[in-house]
Amino acid sequence: MWELIRANQRKSVVLFVIMGIVLIALGFVIGLGLDPKGNGSGAIFGIIIALVVWFIMSLIAVTSGSSIMLSASGAKEVTEDVAPQLYNVVDEIRIAAGMNKMPKIYIINSDAPNAFATGMNPDKAAVAVTAGLLARMNRDELQGVIAHEMSHVMNRDVRFMTIAGVMLGSIVIISEIFVRSMIFGGGGGKKGGQAQIIIMLIALVFAILAPILAQLLYFSISRKREYLADASAARLTRYPEGLASALEKISNSTEDMPMANKVTAAMYICNPLKKKGMKMSDLSSTHPPISERIRILRAMAGGAGFNNYQSAYNQIKGKTINIIPAGELKQQDDPGIRMGLTGAADDNKAMARSSSDIMMKVNNYSFINCDCGLKLKVPANFTGDAVRCPRCGTIHQMSEFRG
């Protein structure tokens with residue numbers, strides 16, 4: 001596992017340096033283009049501005065990135081009392097992964113099945129799942145999803161995606177400000193002669209291309225990290241079919257996630273923007289094709305170790321590509337494949353009711369169990385002093401149930 005983490009860290013450093021060069025070059029070219037005197041001071045000023053923007057965004061990301069991500073997604077924290085099965089599954093995977101601290105658990109009030117993890121290190125991690133995920137997944141599938149997301153934390157993927165996302169955001173912000181100033185401000189090189197106009201045009205072209213280049217770099221490595229998280233999840237659960245079945249259910253869903261956007265999309269287990277008419281090519285997608293991920297997991301015959309995943313990956317791809325670091329493959333670590341935990345068919349109605357009840361608890365509903373067997377669910381904004389059971393007519397005083 002440490003070899004896997006070190007390999008991820010090396011890739012993160014490489015991407016960080018490349019995106020840093022793009023960011024500095026962008027500031028240099030824009031500053032040079034806006035310098036009417038052409039003495040180079042504008043280029044230096046442009047670099048300084050680019051670095052200042054990046055520093056401020058990085059500071060925000062490191063100190064408040066997780067809370068911003070959770071808040072932007074509309075996630076609400078839940079306790080073991082509210083979602084006992086979810087809490088138990090997260091705790092199981094935490095123990096299997098060797099994490100010292102229990103991640104915080106959040107639920108997003110969305111019918112679209114999805115999940116993401118956040119946190120700069122395993123001791124400050126959080127896992128968020130949608131109500132739609134809880135309504136569709138059996139325990140095996142839920143384990144697979146949670147194991148995938150917590151693998152991102154253990155592999156330090158979340159830290160990478162946060163920092164790389166900040167650099168990408170800095171490049172996009174600087175580029176958009178410059179391009180908009182050129183379009184609506186009429187440009188700044190008209191008084192500098194023909195040479196200055198040429199420099200301005202070069203700066204404009206670079207400002208348009210820089211975010212695209214940075215996105216392609218970011219997305220290419222993000223896709224590889226999804227494969228690694230799938231491999232780690234299969235190893236943690238010793239049941240690749242659980243994650244494969246979960247991915248299949250997620251891919252078949254048609255619900256939108258209005259709270260998701262281009263910035264947060266890469267954090268989810270599956271691209272939440274796939275149903276919004278955004279037909280992204282494999283080159284520009286944050287995630288590998290979900291059908292391919294499913295086929296790889298189901299091709300892991302005989303074991304759930306990293307070697308088994310690498311073999312299955314090569315089989316499906318039809319060529320040898322090293323997804324798992326060589327050091328991990330040499331260990332020949334094969335935990336084997338266990339039997340599924342869920343023997344009976346999924347009770348979709350029961351899972352949907354349970355998910356609905358969890359969201360009501362999160363939103364401070366009061367639950368009243370009437371003697372006739374009916375469960376009354378009273379919203380938090382109910383101002384009456386009592387409610388009447390529609391089945392037996394019993395009057396329940398709300399003072400007994402309000403905290």
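Here are the numbers:
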item: Whole-Hz couplings from phi, Karplus 6.51/-1.76/1.60, listed for region 232-247; x for Gly and Pro; result: 5, 5, 4, 5, 5, 8, 6, 8, x, 4, x, 5, 4, 5, 5, 4
item: Descending semi-axes in Å of region 57-98, equivalent ellipsoid built from Cα gyration tensor; result: 26, 15, 6
item: For 86, 51, order by how many other beta-carbon atoms lie within 10 Å, fewest first; result: 51, 86
item: Gained length - residue 363 relative to residue 392, 0.36 nm times residue gap less alpha-carbon distance; result: 7.8 nm
item: Cross-link table 224/317; 104/330; 249/317; 101/249; 104/361; 76/124, entries beyond 25 Å C-alpha to C-alpha; result: 104/330; 101/249
item: Table column - 3J(HN,Hα) (Hz), region 25-30, Karplus curve with 6.51, -1.76, 1.60, x for Gly and Pro; result: 4, 5, x, 4, 5, 5
item: Local net charge near residue 297, Cβ-Cβ under 13 Å (Lys/Arg +1, Asp/Glu -1); result: -2
item: Residue order, fewest to most surrounding Cβ atoms within 10 angstrom, among 137, 398, 359; result: 398, 359, 137
item: Length added when fully stretched, residue 251-residue 382, from 0.36 nm per residue minus Cα-Cα; result: 43.4 nm
item: Where labels lie 7 Å past Cα in the beta-carbon direction, separation of residue 292 and residue 87 in nm; result: 4.0 nm
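FYI, it's all coordinate maths here, none of it is from the lab. Just so you know, these numbers come straight off a predicted model, no measurement behind them. Here the Cβ is made from the backbone with ideal geometry for all residues, glycine too, and neighbour counts use every protein chain on show.
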